[in-house]
Protein chains: 2
Amino acid sequence: MQWREYSTSNCGIARGLDVIGRPWALMVIRELFLGVRRFDDMLARLGASRPVLAARLRELVDDGIVRRVPYREPGHRQRHEYRLTDKGLELYPILTALREWGDRHAIDSEPSVVIRHRDCGAAVSTVLRCADGHGDLTVRDVRAEPGPGARLRTA
Amino acid sequence: MQWREYSTSNCGIARGLDVIGRPWALMVIRELFLGVRRFDDMLARLGASRPVLAARLRELVDDGIVRRVPYREPGHRQRHEYRLTDKGLELYPILTALREWGDRHAIDSEPSVVIRHRDCGAAVSTVLRCADGHGDLTVRDVRAEPGPGARLRTA
DNA sequence: CAGTATCCGGTGCGATACTG
DNA sequence: CAGTATCGCACCGGATACTG
């Protein structure tokens, strides 16, 4: 397959990175998956600056990844916490695959977080599977081809 | 689970992003997975500037994701092409999960690339699976807990 | 506690030109 | 074809201070 004359403009990877590829974005999303929902809690764990965290959260809300949810603790005035939308929850495989790779190749010690099946406690991982159920695939078992939305390069 | 007092320094996601989180890095890796291996071919498809592409490739080589492979075409002098190392090939689930999400949520048209099982031609996707084989899981079926390398926050 | 406003410094990036 | 060298700008991000 030669890709030279195909456009890369409507690539899901590129467009996905427009949304979650900014600095701190995936870190914020990781926090939300871990259940950290308050601004100052994220701030302390992330180490990002206030304006940057605020900007990322606002962008993620604009992109439909995160929603602001009002809440009120007794004796305090109303505040907001942040939660993932369904669209945001679907980012989980990306996070998991990235964590898996990073734990294996990019950290020196043991993993700091493990993901387990809620029911049985066994470790959870991401696998490649074909729609016909042919077990676990590796990159060598697959091929890429132009999809229905493929466009030719104009320039 | 409360994560407030746990450190985020040895997180696989954070450390993984140190390597593949830079602008253009995943785009370069996408090209390599598609089989685009020559500098100027990537340059034309990516739209990045020469210095940036050169810098990313050098960093990816330094990080063990990419290797430079010498080749010679008849009548030309020796040149180099770029290929993924095994460590780089293991990034495939991340790319696939990101493509899946981006194709579903971040592009307007149909997907520009589809991934198929080489043997049967069926579509390939990433799924979450527990080590005990309990089928496909969603984020609601899993829980995160501190791993063996978890550290308490010092500050 | 949860942000916003402002300023300022570094640097990453593209444009361009040059070299093997 | 495959880079490297140089330059200048834009922008991003941290620090700080202020507000609801």
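For chain A, max minus min Cα coordinate along each principal axis, in Å, sorted largest first?
64, 45, 32
Pick from A:ARG118, A:ARG67, A:ARG83: which residue has the top mean-square fluctuation in a GNM of chain A where Cα pairs under 10 Å get a spring?
Of A:ARG118, A:ARG67, A:ARG83, the most mobile in the Gaussian network model is A:ARG118.
So who's got an amide H within less than 5 Å of the one on A:ARG153, skipping anything under 5 residues away but keeping other chains? H placed 1.01 Å off N, in plane.
Correct list: A:TYR6, A:SER7.
A:ALA55 label points, 7 Å along Cα→Cβ, one per copy: pairwise distances from this copy to the rest in nm, shortest first?
1.8
For region A:83-155, take the alpha-carbon Rg, divide it by the Kirkwood Rh, and send me Rg/Rh.
With Rg and the Kirkwood Rh in hand, the quotient comes to 1.07.
Read phi for every residue in region B:25-37 and hand back ³J(HN,Hα) as whole Hz from Karplus 6.51 cos²θ - 1.76 cosθ + 1.60, θ = phi - 60°, with x for Gly and Pro.
Listing the rounded values in order: 4, 5, 5, 4, 5, 4, 4, 5, 5, 6, x, 7, 10 Hz.
Applying the Karplus parametrisation 6.51 cos²θ - 1.76 cosθ + 1.60 with θ = phi - 60° to the phi angles of region B:120-129, what ³J(HN,Hα) value in whole Hz is obtained for each residue in order, glycine and proline being reported as x?
Per residue, the Karplus-derived 3J(HN,Hα) values read 10, x, 6, 5, 10, 9, 9, 10, 8, 9 Hz.
Whole-Hz ³J(HN,Hα) for each residue in region A:97-110, computed from phi via Karplus 6.51 cos²θ - 1.76 cosθ + 1.60 with θ = phi - 60°, x for glycine and proline: what do you get?
After applying 6.51 cos²θ - 1.76 cosθ + 1.60, I find 5, 5, 4, 4, 5, x, 4, 7, 10, 10, 10, 8, 8, 7 Hz.
At 4 °C and 1.567 mPa s, what whole-number value in µm²/s does Stokes-Einstein give for the translational diffusion of the protein assembly as shown, with Rh from the Kirkwood sum over Cα pairs?
Rounded to a whole number, D works out at 63 µm²/s.
Among B:PRO23, B:PRO93, B:PRO74, determine the one that fluctuates most according to a GNM of chain B built with springs between C-alpha atoms less than 10 Å apart.
Of B:PRO23, B:PRO93, B:PRO74, the most mobile in the Gaussian network model is B:PRO74.
Here, each number is a calculation from the coordinates, and none is a lab measurement. A quick note: this is a predicted structure, and the numbers were derived from the prediction, not measured. FYI the Cβ positions are ideal-geometry reconstructions off the backbone, even for glycines, and counts take in every protein chain you see.
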